[in-house]
Amino acid sequence: MKRYREGIAAEGFFQKQAPKGMPAWIKTRRFETHPREGGSRLVDFPLVDSVDALLWMVQMHCIKTNPRSRAICAIVWSRKSSVDAA
């Protein structure tokens, strides 16, 4: 998530790990990341797969999302759409 706690005119920051206090109903997806400093770590990204989860991200001052998150979201939404259409 790219968050802008001070508004869009201020410098934002990336938050990869799902924040403490995140609602339990928001799913996460674990990915291995590779920090610039070297090594790797597992990070639980919030999975925005519902309107409520999207509204939560807006409330967290998240204006941009990680491209990986958007790709997962697209897969989840397309699966829901195909189930609804059936």
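Any chance you could count how many residues in the stretch 14-28 are β-branched (V, I, T) and more than 15 Å from V51 (Cα to Cα)?
Residues meeting the conditions: 1.
Among the residues making up the stretch 37-49, a single one is surrounded by fewer than 16 Cβ atoms within 10 Å (Cβ to Cβ) and within 13 Å of K27 (Cβ to Cβ): D44.
Among all residue pairs at least 6 apart or on different chains, which show Cβ distances below 9 Å where the first residue, located in the stretch 6-23, is touching a residue at least 40 places away in the same chain (Cβ under 8 Å) and the second is part of a strand (DSSP E or B) and among the acidic types (D, E)? Taking only residues 6 or more apart or on different chains, the pairs are K16/D44.
For a quick check of your reading: which strands (runs of 3 or more DSSP E) sit entirely within the stretch 6-67 and have at least 1 residues that are modelled with pLDDT under 85 and out of contact with any helix residue (DSSP H, G or I) (no Cβ under 9 Å at 6 or more places or on another chain)?
On the way: elements: 28-33, 41-46, 62-64.
In the stretch 6-67, 62-64 are the strands (runs of 3 or more DSSP E) which contain 1 or more residues that are modelled with pLDDT under 85 and out of contact with any helix residue (DSSP H, G or I) (no Cβ under 9 Å at 6 or more places or on another chain).
The values are calculated or read from the model by the stated rules, or taken from the named source; none is laboratory data. Since we're looking at a predicted model, the values are computed, not measured. Cβ sites come from the backbone with ideal geometry, for glycine too, and all protein chains shown count toward neighbours.
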